[in-house]
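The values are calculated or read from the model by the stated rules, or taken from the named source; none is laboratory data. It should be emphasised that the depicted structure is a prediction, and the values quoted were computed from it without experimental measurement. Reconstructed Cβ throughout: ideal geometry from the backbone, glycine too, with neighbour counts over all protein chains shown.
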Amino acid sequence: MNAMQLTNVLFYVFGAIMVLAALRVITSRHPVHAVLYLVLSFFTGAAIWILLKAEFLALILLLVYVGAVMVLFLFVVMMMDLDLTELKRAARKNMISATIVGVAIVLEMSAVLFRGFWMIDSHVPKSASKIGLTAEIGKALFTDYLFNVEIAAIILLVALIAAVTLTFRKRTDAKYTSANKAIHVRAEDRIRIVEMKAETFEQETKREDAP
């Protein structure tokens, strides 16, 4: 078995695992199991990207989706007290609309895939085989698409500043501590030492018994 045949076998193996994991995502009865099957489908998708020599996309899939998004989903699902009975009732109620949307998505994806199969003999640029390489993607992003990358960076920066600004809004139902006042506070403003005469137990008892 040569390298090409081994690659084809691994592609179909990973593809079958990915399809089965995706089916288990929508058929699993427990939300935590569904999230774990989704993580498995992402891992197999990354393996397929590596077989297609698109290691950059594989790493992005693992780092962003598996390493961040899916871990967050898993913690949220595990920490929330989900009512499975209510979820099943809502799923049965929306079964017809969900089926219609699912069939529409399958038809759209099938049309795109079959159109790609029919155009397999069309002209393909020679550089298309290098699009998965990290160096080629970096060169393309910072030469041909530099303006687009800068615009995306500015948009993300504005979104980050807006999120930080929203968190620093003053609320009337919350107490705040001024860091500037806490730093410049003096000891005599916080503590006041009062001298009092010490009293024995007998003196205190006599004072209480006095008319």
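A few notes on this one:
- Hits in region 94-112 - residues which are farther than 18 Å from Leu23 by Cβ and either at pLDDT below 80 or among the polar types (S, T, N, Q) (or both): Asn94, Ser97, Val112
- A single member of Ala58, Ala68 is hydrophobic (A, V, I, L, M, F, W, C), in a helix (DSSP H, G or I), closer than 23 Å to Gly138 by Cα and at pLDDT 85 or above, and it is Ala58.
- Looking only at region 35-80, and only at residues there that are within 15 Å of the chain's Cα centre (by Cα) and small (Gly, Ala, Ser), the one that is nearest to Gly15 (Cα to Cα): Gly67
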